[in-house]
Amino acid sequence: KQEVTQIPAALSVPEGENLVLNCSFTDSAIYNLQWFRQDPGKGLTSLLLIQSSQREQTSGRLNASLDKSSGRSTLYIAASQPGDSATYLCAVTSGGSYIPTFGRGTSLIVHP
Amino acid sequence: GAGVSQTPSNKVTEKGKYVELRCDPISGHTALYWYRQSLGQGPEFLIYFQGTGAADDSGLPNDRFFAVRPEGSVSTLKIQRTERGDSAVYLCASSFSTDTQYFGPGTRLTVL
């Protein structure tokens with residue numbers, strides 16, 4: 001059974017810092033990995049999707065990497081802004097299944 | 001275009017009552033997922049539809065939970081004899097294939 005862990009659980013940083021959020025998974029036979037953002041009381045917004053054959057994806061100030069052999073993904077946020085404050089969730093879809101397994105998320109606060 | 005919508009946004013009910021939660025996916029999306037999210041946790045998979053059929057219902061916690069998608073579009077999650085432990089945010093997501101999932105805002109269910 002796939003297990004997904006996100007570290008740290010919470011993070012508070014001043015505006016402008018570069019950040020790294022971590023996601024680890026136990027079964028490396030994955031189909032894809034997706035990073036989401038969730039604002040308080042809202043649904044999830046997809047940020048980046050990495051297929052199992054890819055090593056990274058970039059969108060604006062966000063960069064996500066994938067290392068299947070070590071069971072890890074990182075989400076890099078450059079030049080953080082207060083508007084980046086949210087919970088960031090990692091979801092792993094294992095090979096042979098269409099069902100993603102989510103981590104508990106990292107709660108990020110970027111203060112001015 | 002229109003995203004995934006869910007109604008109601010909030011539902012308060014009494015223990016033992018029956019509730020229905022509705023999800024309108026993005027037009028043309030064949031896959032539809034239901035999740036349950038408790039405070040401080042990631043979304044927990046409940047059921048996945050491909051078209052009209054439930055392709056995987058292994059996440060439904062017990063036989064009080066049931067979901068339908070009769071015409072391959074709108075889906076309804078039905079909970080019988082609600083219990084206080086059913087209180088959570090119920091999220092719906094849709095996708096065109098097995099890739100990027102688009103989430104609705106969720107229905108917050110409170111069982112008194």
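Take the residues of the stretch A:86-112 that are β-branched (Val, Ile, Thr) and within 14 Å of another protein chain (Cβ to nearest Cβ): which is nearest to A:Glu3 (Cα to Cα)? Give the derivation first.
Of the residues in the stretch A:86-112, the ones β-branched (Val, Ile, Thr) are A:87, A:92-93, A:99, A:101, A:106, A:109-110.
Add one more test, that the residue is within 14 Å of another protein chain (Cβ to nearest Cβ), and what stays is A:87, A:92-93, A:99, A:101, A:106.
On the way: A:Thr87: 19, A:Val92: 9, A:Thr93: 11, A:Ile99: 13, A:Thr101: 7, A:Thr106: 16 Å.
So, considering only residues that are β-branched (Val, Ile, Thr) and within 14 Å of another protein chain (Cβ to nearest Cβ), the one nearest to A:Glu3 (Cα to Cα) is A:Thr101.
Do we have A:Thr26 as open to solvent by 30 Å² or more (accessible area, probe 1.4 Å) and of a type in the set (Val, Ile, Thr) here?
So A:Thr26 fits the description; yes.
So that you can scan it fast, the table gives a plain yes or no per residue for (1) within 29 Å of A:Glu15 (Cα to Cα); (2) in a strand (DSSP E or B):
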site: A:Thr58; (1), (2): yes, yes
site: A:Ala64; (1), (2): yes, yes
site: A:Ser69; (1), (2): no, no
site: A:Val92; (1), (2): no, yes
site: A:Ser97; (1), (2): no, no
site: A:Ser107; (1), (2): yes, yes
site: A:Val110; (1), (2): yes, yes
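In the stretch A:1-52, what residues are under 14 Å from B:Phe103 (Cα atoms), touching a residue at least 40 places away in the same chain (Cβ under 8 Å) and within 9 Å of chain B (Cβ to nearest Cβ)?
A:Gln34, A:Phe36, A:Gln38, A:Leu44
With respect to A:Gly83, determine if the residue is over 10 Å from the mean Cα position of the chain (by Cα), among the small types (Gly, Ala, Ser), facing chain B (nearest Cβ under 9 Å) and not in a strand (DSSP E or B).
Working: over 10 Å from the mean Cα position of the chain (by Cα): yes; among the small types (Gly, Ala, Ser): yes; facing chain B (nearest Cβ under 9 Å): no; not in a strand (DSSP E or B): yes.
For A:Gly83, the condition - over 10 Å from the mean Cα position of the chain (by Cα), among the small types (Gly, Ala, Ser), facing chain B (nearest Cβ under 9 Å) and not in a strand (DSSP E or B) - is not met.
Any residue at all in the stretch A:54-75 that's open to solvent by 20 Å² or more (accessible area, probe 1.4 Å), at the interface with chain B (Cβ under 9 Å from one of its Cβ atoms) and either more than 13 Å from the chain's Cα centre (by Cα) or under 22 Å from B:Gln41 (Cα atoms) (or both)?
No, the stretch A:54-75 contains no residue that is open to solvent by 20 Å² or more (accessible area, probe 1.4 Å), at the interface with chain B (Cβ under 9 Å from one of its Cβ atoms) and either more than 13 Å from the chain's Cα centre (by Cα) or under 22 Å from B:Gln41 (Cα atoms) (or both).
Filter the stretch B:1-21 for residues that are closer than 21 Å to B:Ser87 by Cα, open to solvent by less than 90 Å² (accessible area, probe 1.4 Å) and within 11 Å of another protein chain (Cβ to nearest Cβ) and give the result.
Within the stretch B:1-21, B:Ser5, B:Gln6, B:Ser9 meet the criteria.
The values are calculated or read from the model by the stated rules, or taken from the named source; none is laboratory data. Remember, predicted model here, so these are calculated numbers, not experimental data. As a convention, Cβ positions derive from the backbone with ideal geometry for all residues, glycine included, and neighbour counts pool all protein chains shown. The area values use the complete protein model at the heavy-atom level, side chains included, leaving out ligands, DNA and RNA. Shrake-Rupley method; radii C 1.70, N 1.55, O 1.52, S 1.80 Å.
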